[in-house]
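Notes to accompany the following structure.
The values are calculated or read from the model by the stated rules, or taken from the named source; none is laboratory data. Owing to the predicted nature of the structure, the values given are computational and were not obtained by experimental measurement. Ideal geometry is used to build each Cβ from the backbone, glycine not excepted, and the neighbour counts take in all protein chains shown. Heads up: the accessible areas ignore ligands, DNA and RNA and are worked out on the full protein's heavy atoms, side chains in. Shrake-Rupley method; radii C 1.70, N 1.55, O 1.52, S 1.80 Å.
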Amino acid sequence: MQKTRSFRTILALPFTALPLLALPVALSGCGFQPLYGEQKGQIAPEAELKRVYVPNIPERSGQQLRLALQQNMAGDGPEDPDGYTLIVQPYFGQESIDIHSDNTSGRIRMNAHAHWQLLTVEQYPKLLAQGDASALDGYTSTYEQYFAQTLNSETATGRVAQTLADQVTQQVATWFRTHAKPSQRRDQGPRAYYPIPNAIPDSEKETPMEQEGADAIPDMATGRNAPNAGSL
């Protein structure tokens, strides 16, 4: 009887609602799968996230990032960080824009990125996955009001830390779903270089270039650092 009532309920729905009911089935047929939630033969990523321990991150901004990560990992229940260690190395930078004639700035732009590594908890930890996250934010300068200036800076830092934490959490959850191996740099073959549009060249005859990353994708396209940048 329960199946009959459910079927009748579906038939009683407006015709326009029927395509919405078929949408999840269509998406699953196209290869799309939800990131969270249980699937056949797999452990839900949110269950594994609760087992992630986030060590101390230096500086006030690092503490905000760590707190946001702990909250994201715990989700709606208590955490039990006994299975993994998440090492996060962030960088928070500020630059002045909107420079006035008196050499003061009307806007502060915050650039931040974080490199993370997920390790096993054992005598000799193994690297399971790693990745990078980036965030951009800013606030208006108010030099005449020191307290407001400090509050704006701390609020922007908190927003950036939360954005980085959300990206890192999503990337770690994606690995728990896919268990993809970390990318390895090719030892042989030609290297691809890409121009860096926002870099300042050393001279008019040189163009700042960036070498491809370990996955053959330029770092600027993924928000990672660019250690192989140079001029050609």
Give me the distance in nm between label points sitting 7 Å out from Cα along the Cα-to-Cβ direction at residue 67 and residue 95, one decimal. 2.9 nm
So what is the accessible area of the stretch 51-196 per residue, in Å², with the probe set to 1.4 Å? 60 Å²
Pop out the carbon and sulfur fraction of the accessible area of the stretch 46-114 as a percent, whole number, probe 1.4 Å. 46 percent
Mind listing the phi-derived Karplus ³J(HN,Hα) values for the stretch 50-66, rounded to whole Hz, using 6.51, -1.76 and 1.60 with θ = phi - 60°, and x for any glycine or proline? 5, 9, 8, 9, 10, x, 4, 10, x, 6, 4, 5, x, 5, 5, 5, 5
Cβ-based net charge around residue 68, under 15 Å, with every Lys or Arg adding one and every Asp or Glu removing one: -2
Gyration tensor (alpha-carbon) shape descriptor, the stretch 39-102, a/c threshold 1.5: prolate
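So how do 173-179, 162-168, 117-123 stack up, highest first, on mean other-Cβ count within 10 Å?
Working: 173-179: 16.9, 162-168: 21.3, 117-123: 13.4.
Per-residue Cβ counts within 10 Å, averaged per peptide and sorted highest first, yield 162-168, 173-179, 117-123.
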Rounded if a/c under 1.5, otherwise prolate or oblate - the stretch 33-172, Cα gyration tensor axes: prolate
Which FRET efficiency, nearest 0.05, do residue 171 and residue 76 yield, Cβ-Cβ r, R0 25 Å? 0.75
